[in-house]
1. Between residues in the stretch 276-297 that are among the basic types (Lys, Arg) and residues that are at pLDDT 50 or above, which pairs lie under 7 Å by C-beta distance while being six or more apart or on different chains?
2. Given (1) under 29 Å from residue 78 (Cβ atoms); (2) of a type outside the set (Phe, Trp, Tyr); (3) not in a loop (DSSP other than H, G, I, E, B), identify the lone condition not met by residue 158.
3. Looking at 149, 142 in this structure, which one is free of Cβ contacts under 8 Å to residues at least 12 places away in the same chain and more than 23 Å from residue 73 (Cβ to Cβ)?
4. Going by the structure shown, is residue 229 within 28 Å of residue 148 (Cβ to Cβ), buried (at least 21 other Cβ atoms within 10 Å of the Cβ) and not polar (S, T, N, Q)?
5. Hey, among the residues in the stretch 219-252 that are under 16 Å from residue 268 (Cα atoms) and of a type in the set (Lys, Arg), which one's nearest to the chain's Cα centre (by Cα)?
6. Among residues belonging to the stretch 24-53 that are modelled with pLDDT of 90 or more and under 15 Å from residue 94 (Cα atoms), point out the one that is surrounded by the most Cβ atoms within 10 Å (Cβ to Cβ).
7. Please go through the stretch 109-124 and give me each residue that is within 27 Å of residue 62 (Cα to Cα) and buried (at least 17 other Cβ atoms within 10 Å of the Cβ), ordered by number.
8. Looking at (1) of a type outside the set (S, T, N, Q); (2) surrounded by fewer than 18 Cβ atoms within 10 Å (Cβ to Cβ); (3) closer than 30 Å to residue 99 by Cβ, can you tell me which one residue 161 breaks?
Amino acid sequence: MSPASPAAALDLARNRVRRASLRRSLEAVANGPREQLSVDLSQKDVDVAAVLEEITRPLGCDSTALLRLMAVFRNSGIADSAIERLSAKSASARRSSARILGALRMPQAVSFLAPMLASKDRAVSDTAARALGRIGGSQSAQVLLTAIQRTGLRRTLICALARAAPDLFLEVTLGAPQRPGVKPAAALAAGLRRRQTAVGPLAALLLHGTPRERVISCRALGWIGSSAAIPAVLAALADPEWKVRVAATKALRVLHDGAAILDLERLHADRSPHVRKASVIALRRLTREVGFIETWL
C-alpha cells in the first residue's frame, strides 16, 4: 500500500483519532473526576506508552494527577496487565509495558523490571533502566547499582541511577565500603546530578580511591563545578597516575580557576605527553578567560 494512497491516508487519520481519544481519556482521569479506564495494551495503531509519557512528564512525583492515574491503572487492572507483559515473547511488548510503568512511576513495578536489566536485548534492558530512573527511590537505585556491577559502566544505567537516586543516597554510597564498580558508578551519577553535597565524598575518594575512582572523581567534581572542589583537584595534579593528572587538569579547565595557572605551567615538564598536552589546552583556556576579565575590568 502506497503511503500516499487514499487507504493509507484513511488509516493515518483513524490512528490520529484513536490517539486523541486515548489522550482525552487519560487527561480526564488525571484531572478528575473520571475513575474508570479501558485501555488495550496490545493495540498496534496507538503507542499507549508515548501518550502516557507526554501526560505524566511534567507531573511531580506527588502530584494529585499522577496519583489519580496510578490508582485508576491499578484498580482497572491495566497495571497488572503491563506487569504481565514484561515477560512477553515480544520485545516490543516488553519495552512498551516498561515505559508505561515508568511513566506511572509505580514503585510496585521495580522488582518486576529488575530482571529485564539482564536482557541480552540492549533495547529492552535500556528501556527497563530508563523506567527505573523515572520511578526513582532507593530500591530502584540499588537495583541499578547491582546491574552496573554486573555489566559495567553503561551510559544508560549511569543516567538512570543519577535520576533514580534519592537525596544523599549517592553520598552515602561513596562514603561506605562497597564492592568493586559501585563507587565509580555513584561518582559519575553524583557528577551528573550536580549535587553540591557530593563534593566532600568525591574529594575523599579522590584522595583514597583506586586510580579509576580518582579519575572519575575528578571528572565528577568538574561537572559539579563547585569552587570547594578546587583544593582537592589541585592536589591531584601531583598524583602518581598520569590519567589522574590528566583528569585533574581537565577538571580545572572547567572549574575556571585562574589561580591554577602556575600549577598547570609546571606540568609542561611532566613525564607524560598526555598530561603535557592537557595542560597546554587548559592553560590556553584559562589565560584567555583571565585576559578577558582583566580587559573588561
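1. 276/267; 276/268; 276/270; 285/253
2. It is condition (1) that residue 158 fails.
3. Result: 142 is the single residue among 149, 142 that is free of Cβ contacts under 8 Å to residues at least 12 places away in the same chain and more than 23 Å from residue 73 (Cβ to Cβ).
4. yes
5. 250
6. Restricting to residues being modelled with pLDDT of 90 or more and under 15 Å from residue 94 (Cα atoms), the top hit is 49.
7. The answer is 109, 110, 112, 113, 114, 116, 117.
8. The failed condition is (2).
The values are calculated or read from the model by the stated rules, or taken from the named source; none is laboratory data. The model shown is predicted, which means the values in this text are computed figures rather than measured ones. Glycine also receives a Cβ, built like all others from the backbone with ideal geometry; neighbour counts cover every protein chain displayed.
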